Amino acid sequence: MSGGRGKQLFVSKDRQGGMAVKGQVNVILALVLALIVALLAVANVENVTIHYLVGETRLPLIIVIFGSAVLGGLVVGMLGWWRLFHLQRQLKAANKEKEELAARLAEKDGEREAAADDESEHG
């Protein structure tokens with residue numbers, strides 16, 4: 001296998017098909033993690049003391065585990081949203097630059113054609 005072919009086990013010819021598989025894998029991983037969190041929470045139902053800077057609270061450990069999982073999911077979701085927003089801004093700037101460069105290239109091509117026409121008329 002030459003030219004670097006055959007090194008990948010799975011190559012999707014359809015970009016959207018590859019995205020669908022990735023999405024399914026993410027859903028399965030999320031379900032497995034949710035199951036693990038649920039099992040941990042159900043196995044730990046005793047009350048625990050949570051110490052804050054200004055006081056303390058006693059809650060069932062199941063609430064602490066689920067609350068931590070939800071807060072973690074929110075943080076990850078917010079970071080993903082921020083990254084998506086940042087990448088969209090970069091894409092918009094890159095597309096704008098591409099359009100400007102394409103316009104400049106078309107202008108240069110027009111100048112070259114005009115120069116070539118002038119040379120052919122005078123030559």
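When you go through V42, V70 one by one, which is the residue that is assigned to a helix (DSSP H, G or I), modelled with pLDDT of 85 or more and open to solvent by 70 Å² or more (accessible area, probe 1.4 Å)?
Answer to the selection: V70.
Taking the range 11-39, which residues are at pLDDT below 75, loosely packed, with under 11 Cβ neighbours inside 10 Å and either in contact with a helix residue (DSSP H, G or I) (Cβ under 8 Å, 6 or more places away or on another chain) or of a type in the set (V, I, T) (or both)?
Listed by number, the list holds a single entry, V11.
The values are calculated or read from the model by the stated rules, or taken from the named source; none is laboratory data. All figures in this text were calculated on a predicted structure; none of them were measured in a lab. Every residue, glycine among them, receives a Cβ derived from its backbone with ideal geometry; neighbour counts consider all protein chains shown. Side chains included, ligands, DNA and RNA excluded: accessible areas come from the protein's heavy atoms. Shrake-Rupley method; radii C 1.70, N 1.55, O 1.52, S 1.80 Å.
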